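The values are calculated or read from the model by the stated rules, or taken from the named source; none is laboratory data. A quick note: this is a predicted structure, and the numbers were derived from the prediction, not measured. Don't worry about glycine lacking a Cβ; one is built from the backbone with ideal geometry, like all the others, and counts go over all protein chains shown.
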Amino acid sequence: MALKSRSLILAILPILVASISYEVSAALGGGRIGRWQQIKNPQDPRVLEIAKFAVEEHNKQDGAELKFVKVIKGGTQVVSGTNYRLVISAKDIGASALKNYEAVVWVKPWQKFRQLTSFVEIK
C-alpha cells in the first residue's frame with residue numbers, strides 16, 4: 001500500500017507544481033512563465049522599492065552617485081523568482097540633467113533575495 005501511495009504522489013506532483021507556477025504567474029500579472037508582462041502601475045510601492053534597490057546597488061558596484069527620480073515603465077518575467085526590467089530616471093548627484101537607465105533585478109521574495117543583473121544607460 002505504501003508503494004502505491006508513493007507512486008500516486010509522484011504522479012500528482014508535476015501537476016501540483018505546474019498549478020502553483022501558473023497561480024504565481026497569474027498573481028504577478030498573468031501570462032506564461034518566461035514571458036515578459038508589462039507592469040500596469042510603475043508607481044506601485046513594490047516596484048519603486050526594487051527600482052531604488054537597483055540604483056543603490058549600481059552605485060555600490062560602479063562607484064557611481066546616481067539619485068533615483070522615478071520609474072518610467074517596466075515589465076516582469078516569472079522565472080525561478082521574478083525578473084523586473086525597469087526603465088528608471090535618475091540623475092548624477094553632481095549634475096542637473098536626468099538620464100534614463102534600464103535595470104534588471106532578479107527577486108525571490110520567499111528567500112529575501114535580490115540581485116541586480118543589469119544596469120545600462122539608455123541613449
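Could you tell me how many of the residues in the range 91-114 are modelled with pLDDT of 95 or more, hydroxyl-bearing (Ser, Thr, Tyr) and surrounded by fewer than 17 Cβ atoms within 10 Å (Cβ to Cβ)?
0
If I go through the range 91-117 residue by residue, how many of them are in contact with a Leu (Cβ under 9 Å, 6 or more places away or on another chain) and not in a strand (DSSP E or B)?
Within the range 91-117, residues that are in contact with a Leu (Cβ under 9 Å, 6 or more places away or on another chain) and not in a strand (DSSP E or B) number 1.
Take the range 35-56 and flag every residue that is of a type in the set (Lys, Arg) and exposed (fewer than 12 other Cβ atoms within 10 Å of the Cβ). Spell out the reasoning first.
First pass over the range 35-56, keeping only residues of a type in the set (Lys, Arg): 35, 40, 46, 52.
If the condition is that a residue be of a type in the set (Lys, Arg) and exposed (fewer than 12 other Cβ atoms within 10 Å of the Cβ), then LYS40 is the only one that fits.
If we scan the range 26-35, do we find a residue that is in a helix (DSSP H, G or I) and at pLDDT 95 or above? Step through it out loud before you land on a result.
Residues of the range 26-35 that are in a helix (DSSP H, G or I), as a first pass: 26-27.
When the remaining residues are screened for being at pLDDT 95 or above, the result is none.
Within the range 26-35, not a single residue is in a helix (DSSP H, G or I) and at pLDDT 95 or above.
When the residues of the range 57-90 are filtered to those that are part of a helix (DSSP H, G or I) and surrounded by 15 or more Cβ atoms within 10 Å (Cβ to Cβ), which remaining residue is farthest from the chain's Cα centre (by Cα)?
Across the range 57-90, the extreme among qualifying residues is ASN59.
How many residues are of a type in the set (D, E, K, R) and under 11 Å from the mean Cα position of the chain (by Cα) when one looks only at the range 34-48?
Going through the range 34-48 one residue at a time, the tally reaches 1.
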